[in-house]
1. Under 14 Å from the Cβ of THR144, count the other residues' Cβ atoms, weight Lys and Arg +1, Asp and Glu -1, and hand me the total.
2. Round to the nearest 0.05 the FRET efficiency obtained for ASP59 and ASN8 when R0 = 25 Å and r is the Cβ-Cβ distance.
3. Given only helices, namely DSSP H runs of n ≥ 4 each adding -39500 (n - 2.57), what is the per-residue ellipticity at 222 nm of the chain, to the nearest 500 deg cm²/dmol?
4. Between LYS140 and GLU210, what is the label-to-label distance in nm when each label sits 7 Å out along the Cα-to-Cβ direction?
5. Starting at the first residue of the stretch 177-182, write each ³J(HN,Hα) from the Karplus equation 6.51 cos²θ - 1.76 cosθ + 1.60 with θ = phi - 60°, in whole Hz, x for Gly and Pro.
6. Would you please give the FRET efficiency between THR195 and LYS171, computed as 1/(1 + (r/R0)^6) with r the Cβ-Cβ distance and R0 = 41 Å, to the nearest 0.05?
7. Dividing the alpha-carbon Rg of the stretch 160-218 by 2.2 N^0.38 Å yields what?
8. Convert each backbone phi in the stretch 227-232 into a coupling constant with the Karplus relation 6.51 cos²θ - 1.76 cosθ + 1.60 (shift: θ = phi - 60°), then list the ³J(HN,Hα) values in order as whole Hz, x for Gly and Pro.
Amino acid sequence: MFKYTLDNKRYHTLNYFLRNKFNSKVFKVPLDAHFSCPNKINGGGCIYCSNRSTSNITDNKKSLEEQFKENIKTLEKKWPNSLYIPYFQSGTNTYGNITYLKEIFYKFLNYPKVVGLSIATRPDCLNEDVLNLLSDLNKKTFLTIELGLQSSNDKTLEFIKRGHDVNAFIKAVKELKKRNIFTVAHIINGLPFETKEDMLNTTKLLNDLEIDGIKIHMLYITHNTELASIYEKENFPILTKEEYIDIIIDELELLNENIVIERITGDPIKEELITPSWLLKKFCILNDIDKEMVKRDTYQGKNIKKEYRN
């Protein structure tokens, strides 16, 4: 069995990482602090971004404290000894007044059973004041910063209107690593007109940067997005489930075994999804990845040395 899992996986699971670190079941609790995104304001947003004004992760009409308490109710019943990490997930969570950032982040530090904070943001929203704040938070709790990259191909980033280039991401990661902040990257497989080589190159970059964790998403197309309009006109190819699984496994083989795999597929909302429909069967995809890894007799990090020799 792969040593960084409790679930017979062949990759480093988040469940293993958090249990090993805190000796308990730990849940990330999603929160919506009503942050916007500079890319939406200045450029209309990424082409796959929905025009929905509200979040589907939690009831954002409630205060952060109410959201947190509401979201852990069910968890408390099933796992009474569990611990929690407030997860500022919706929007760009460092894009705001520094006073407000301090207010919302520090308030959770002394909550019972809270053992960390997770903050999702963009690589171009980490100015010196924000970095100083994050550095201080990191001294007080287990801090995770999640950065969207999506692709290491600048042409792809321009096409999807990401609003920053690869160098901005690299700089952000280096600044966070200098402060010993646990850093997680988001990438998307199957972006329009990308090849398998493009996707593997993104993985190689993250491995070279010694990223701490990674979230891998499959591109899906939803209604009310610019991407949906592009797809209707150009009908670019969408990865099949078999292609996606093949790419995922090749990516895992290129990642150091210490890198935590926080996500390995997406979670589209059925009513909003145009394609691919196979993505709705999340647990089937996860099981098929496991089966294929056993069939290939492979595991996370297997091909790193081979890659470096080439």
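Where a number appears in this text, it was derived from the coordinates with a stated rule and is not lab data. Since we're looking at a predicted model, the values are computed, not measured. Quick reminder, even Gly has a Cβ in these numbers, built from the backbone with ideal geometry, and neighbours come from all protein chains shown.
1. +4
2. Numbers: r = 35 Å, r/R0 = 1.42.
Using R0 = 25 Å, I get an efficiency of 0.10.
3. Here the helix-only value at 222 nm equals -12500 deg cm²/dmol.
4. It works out to 2.8 nm between the two label points.
5. 5, 4, 9, 6, 8, 5
6. So, using R0 = 41 Å, E works out to roughly 0.95.
7. Here the Cα radius of gyration is 1.15 times the empirical estimate.
8. For the stretch 227-232, the Karplus curve yields 4, 4, 5, 5, 5, 4 Hz.
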